[in-house]
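*Asks:* Before we start, here is the structure in question, set down as structure tokens.
The values are calculated or read from the model by the stated rules, or taken from the named source; none is laboratory data. Remember, it's a predicted structure, so these values are computed and weren't measured experimentally. All Cβ positions, even for glycine, are placed from backbone atoms using ideal geometry, and neighbour counts span all protein chains on display. Accessible surface areas use protein heavy atoms only, side chains included; no ligands, DNA or RNA. Shrake-Rupley method; radii C 1.70, N 1.55, O 1.52, S 1.80 Å.
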Amino acid sequence: MIQLSDIHKRFLDNVVLDGVSLEVRDGETLALLGPSGVGKSVTLKMINGLLRPDAGDVVVDGLHVQRLKRGELSELRSRIGYVFQYGALFDSDTVAENIRLGITDETCYSDDGYCADRVRECLRLVNLAPDVAEKYPAELSGGMKKRVGIARAIAGKPKYLLYDEPTSGLDPVNADVIDGLVERLRDELGVTSVVVSHDVRGSFRVADRVALLWQSKIRAVGTPEQILGSRDAAVLQFLERDLEMSLIQAESVANVRKDGS
Amino acid sequence: MHAMARRAEITLDLRRLVGRWTLRSAGHAGRFTYLFIDMLRGLAEWRIYLPRTFEQATGVGFGSLFIVLLVAGFAGAVTSLQAGYQFTGTLPLYYAGAVISESMILELGPVLTGLILAGRIGARYAAELGTMRVTEQIDALESLGRSPISHLLLPRVLAGLLVVPALTMFANGMGLFVGWITAKQSLGITDADFTYGARFFFRPLDLWYSLIKSYWFAGAVTVIPCYIGYNTQQGAEGVGRAATTAVVAASVSILLLDVVITKLLLGK
């Protein structure tokens, strides 16, 4: 279980999180929604200790993250897969080497045979062909990079998966593929996931529960149905804005199709 | 009244400026110290950094060899020509051998090599690590429970410590050789006179001094850029700033270290 209690964080004069409390239950997928720059990624980075809160407590698997020593934090991180917004793949390594780095058990990591099998398995799980393994990140499309990022995150068989904007920068078709992948990994691997996104449609599809981060605070938490039925002004404003975005997106897709035909 | 208020405002601004600068300097000093301690701790993880160190050393060493030899050659030639200009008719010709060899080994070899490598290695390290920082590759390593120190920083620093002294010795040799050839052509000095002059003032300490300086310079052109690159912020602009800051900081450090080491080892 992941618990964030009364988290505060500021960068210079900019208050990013102001008393954020959140709980992610074992086995569930929670989508953390909110407009850009509201502190969603900051929250995610606190869960695996990449950032420390100014005040408050982050507890993962019963461990207080900010009190962990270096070795303990590494051990905890080996149980948390993190999918970065832009993939964060190592440019000078092949896809196979990138995924191999995700194997956090040192004995397994040193075993070339195990690693080759695991890389193949992870590529299969993210719907990529085995020959992608020998390519470099620069040779991949945006959607493929995201999938390799996911493959690297699951290579160490994590208990938790944190997705930082997994569909941002992707066209609607590729975004759908990634959303499907998030669902599939939840079902096949049984991981507890936190998906940070500003894409309402995708988040409602993959999440068991949704939380809305609004003006540095958690404004609403609930199932997608509960959020859709909410009369809270911030929730309505956020959903309306996303609806407008969806219409613009649908219109642009229709235009592209019309131009193509 | 207005003038007094203005003066008070300026004083306050000045205080703020000094305060901000002091805080920033203290912050850098603290982060640099922590990074250095982390590097020392990381030395135990030799299985991770050693293969990467040789990879880095090969890339950096071979890549820098040509420019280092070229600059050292020109420095040797110019030293020789200037020695001829200053000494002809006033001092015995063999002094040229002494001046060229001592100038190259004591000063020009290590310092010029250090300054060239501050540009080549320093900018490269800062830009590489800076890009990795802003594209979250360093965060990705950390999130996988792996240490960026042993994966990224130690290989670069150790590669520099291996390569810079070696390049400095090559530079010394090249400068001496080109200086010798130039002296023969322009001053008409014989081989015997040149070697006599070079040996007359030479002490084994000179080579040690050159080597010791090169190790310190190696530290400056690797550790400082690594620190700056590792702490890069603000995207592409930040990476550009990190690269230029790294070159300037490493170059200034080399000149400062040059004075300090000379005072400590050769000063009276």
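*Asks:* In contact with a His (Cβ under 9 Å, 6 or more places away or on another chain), open to solvent by less than 50 Å² (accessible area, probe 1.4 Å) and either more than 28 Å from B:Tyr196 (Cβ to Cβ) or hydrophobic (A, V, I, L, M, F, W, C) (or both): does that describe B:Tyr125?
*Replies:* no
*Asks:* What helices (runs of 4 or more DSSP H) completely inside region B:83-162 contain at least 2 residues that are in contact with a Ser or Thr (Cβ under 7 Å, 6 or more places away or on another chain)?
*Replies:* B:94-102, B:109-117, B:123-134
*Asks:* Also, I was wondering about something else. Being without any contact (Cβ under 8 Å) to a residue 24 or more places away in the chain, open to solvent by 30 Å² or more (accessible area, probe 1.4 Å), part of a loop (DSSP other than H, G, I, E, B) and more than 10 Å from chain B (Cβ to nearest Cβ) is the requirement here; does A:Arg52 meet it?
*Replies:* Values: without any contact (Cβ under 8 Å) to a residue 24 or more places away in the chain: yes; open to solvent by 30 Å² or more (accessible area, probe 1.4 Å): yes; part of a loop (DSSP other than H, G, I, E, B): yes; more than 10 Å from chain B (Cβ to nearest Cβ): yes.
Answer is yes for this residue.
*Asks:* Between a residue in region B:181-205 that is under 22 Å from B:Gly73 (Cβ atoms) and any residue that is of a type in the set (S, T, N, Q) and part of a helix (DSSP H, G or I), which pairs come within a Cβ distance under 6 Å, given they are 6 or more apart or on different chains?
*Replies:* From region B:181-205, the pairs are B:Thr182/B:Ser80; B:Ala183/B:Ser80; B:Ala198/B:Ser101.
*Asks:* Quick check on B:Gln82: is it within 14 Å of another protein chain (Cβ to nearest Cβ) and without any contact (Cβ under 8 Å) to a residue 40 or more places away in the chain? Can you show your working first?
*Replies:* Values: within 14 Å of another protein chain (Cβ to nearest Cβ): no; without any contact (Cβ under 8 Å) to a residue 40 or more places away in the chain: yes.
Taking the combined requirement at face value, the residue does not satisfy it.
*Asks:* Right, here's the next one. Among the residues of region A:101-126, write down those that are open to solvent by less than 60 Å² (accessible area, probe 1.4 Å), under 20 Å from A:Arg79 (Cα atoms) and in a helix (DSSP H, G or I).
*Replies:* A:Leu101, A:Cys108, A:Tyr109, A:Cys115, A:Arg118, A:Val119, A:Cys122, A:Leu123, A:Leu125
*Asks:* Looking at region B:118-141, is at least one residue away from chain A (no Cβ under 14 Å) and over 28 Å from A:Asn98 (Cα atoms)?
*Replies:* Yes; the residues of region B:118-141 include at least one that is away from chain A (no Cβ under 14 Å) and over 28 Å from A:Asn98 (Cα atoms).
*Asks:* Out of everything in region A:84-99 that is out of contact with any Gly (no Cβ under 7 Å at 6 or more places or on another chain) and open to solvent by less than 60 Å² (accessible area, probe 1.4 Å), what residue ends up being nearest to the other protein chains (Cβ to nearest Cβ)?
*Replies:* Selected residue: A:Phe90.
*Asks:* Moving on. On the basis of being open to solvent by 20 Å² or more (accessible area, probe 1.4 Å), part of a helix (DSSP H, G or I) and closer than 28 Å to B:Gly76 by Cβ, does B:Lys213 make the cut?
*Replies:* No: the conditions fail for B:Lys213.
*Asks:* Let me ask something additional. Quick check on my filter: what residues within region A:27-37 are surrounded by fewer than 21 Cβ atoms within 10 Å (Cβ to Cβ) and at pLDDT below 90?
*Replies:* Looking only at region A:27-37, we keep the residues that are surrounded by fewer than 21 Cβ atoms within 10 Å (Cβ to Cβ), and these are A:27-28, A:35-37.
Listed by number, the residues that qualify are A:Gly27, A:Pro35, A:Ser36, A:Gly37.
*Asks:* Among the residues of region A:19-31, are any within 14 Å of chain B (Cβ to nearest Cβ), under 19 Å from the mean Cα position of the chain (by Cα) and under 19 Å from A:Leu161 (Cα atoms)?
*Replies:* The answer is no; no qualifying residue exists.
*Asks:* Just give me the residues in region B:144-165 being within 19 Å of the chain's Cα centre (by Cα) and of a type in the set (D, E, K, R), in sequence order.
*Replies:* B:Arg156 - this is the single residue of region B:144-165 that is within 19 Å of the chain's Cα centre (by Cα) and of a type in the set (D, E, K, R).
*Asks:* Within region A:61-83, identify whether any single residue is under 25 Å from A:Asp199 (Cβ atoms), touching a Gly at 6+ places or on another chain (Cβ under 6 Å), open to solvent by less than 40 Å² (accessible area, probe 1.4 Å) and within 14 Å of another protein chain (Cβ to nearest Cβ), and answer yes or no.
*Replies:* yes
*Asks:* All but one of (1) within 14 Å of chain A (Cβ to nearest Cβ); (2) buried (at least 22 other Cβ atoms within 10 Å of the Cβ); (3) more than 18 Å from B:Ser64 (Cβ to Cβ) hold for B:Arg156, so report the exception by its number.
*Replies:* Exception for B:Arg156: condition (3).
*Asks:* Restricting the search to region B:164-189, which residues are of a type in the set (A, V, I, L, M, F, W, C) and open to solvent by 10 Å² or more (accessible area, probe 1.4 Å)?
*Replies:* Hits for region B:164-189 are B:Ala166, B:Met169, B:Phe170, B:Met174, B:Leu176, B:Phe177, B:Val178, B:Trp180, B:Ile181, B:Leu187.
*Asks:* Consider B:Leu112 against the criteria (1) at pLDDT below 90; (2) away from chain A (no Cβ under 13 Å): it satisfies all of them except one. Which criterion is unmet?
*Replies:* Failing condition for B:Leu112: (1).
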